[in-house]
Amino acid sequence: MQDDRIIKETGLEARVAAIVAPVINAVGYRLVRVKLLQQDGLTLQIMAERPDGTMTVDDCEQVSLAVSPALDVEDPIEGSYQLEVSSPGIDRPLVRRDDFVNAVGHLARIETSILVAGRKRFRGAVVSVEENGIRFERDKVDEGEDPLVSIPFDAMSAAKLILTDALIKQALKKEKRARRGRKSGEDGDETDAATEH
């Protein structure tokens, strides 16, 4: 599984991502983001998820156990740090094209590395996903500004959903479907295991 993220880290975070992404993929998950935080000393936060976008506490533990040896061998961070593996959460970072497709109609914050329509920060709704970027409707515009703007993927440095009731409702439905899918998969496994004896 290759790293199909559009928005990626830079500097030391990019170096850590290059080390952990293949390990995370090898155990059946995908990297969302790597971030170094100055909290409780230094914390290395690795966000990961299953390919279906879900992530349980057990999944976080599996990813942590998988990446720890790789980080120990490569030792990309000087000094001591805490490793924190987490799910992207409901108000997740948007890093893949699919994330933006799933975000259509929802509020998001987007930062760009270059000026786009005279700004670097945007807040509003994802209207549509195009080949090389998104159409975005800003929720606050100055006099004479067009609320609709095209933001190219290669100009984005960060993108994140904003927590709303509609987003929570969608996430709960998705989690319910995923739980049902895992449960029917487990039932299937039990049936398969029973027929092997």
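The values are calculated or read from the model by the stated rules, or taken from the named source; none is laboratory data. Every value quoted in this text rests on a predicted model; they were computed, and no experiment measured them. Note that we place each Cβ from the backbone using ideal geometry, even for glycine, and neighbour counts take in every protein chain shown.
Summary table below
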item	result
Any hit, segment 2-9, residues being part of a loop (DSSP other than H, G, I, E, B) and more than 24 Å from ASP154 (Cα to Cα)	no
Residue list for segment 15-27, filter: over 15 Å from the mean Cα position of the chain (by Cα) and either small (Gly, Ala, Ser) or assigned to a strand (DSSP E or B) (or both)	ALA18, ALA26
Residues (part of a helix (DSSP H, G or I) and either touching a residue at least 40 places away in the same chain (Cβ under 8 Å) or among the charged types (D, E, K, R) (or both)) located in segment 71-108	LEU71, ASP72, GLU74, ARG97, ASP98, ASP99, PHE100, ASN102, ALA103
Residue under evaluation ARG121, criteria (1) at pLDDT 95 or above; (2) exposed (fewer than 14 other Cβ atoms within 10 Å of the Cβ); (3) assigned to a loop (DSSP other than H, G, I, E, B), criterion not met	(3)
Filter result (modelled with pLDDT of 95 or more, in a loop (DSSP other than H, G, I, E, B) and either under 14 Å from the mean Cα position of the chain (by Cα) or surrounded by fewer than 13 Cβ atoms within 10 Å (Cβ to Cβ) (or both)) within segment 28-49	TYR29
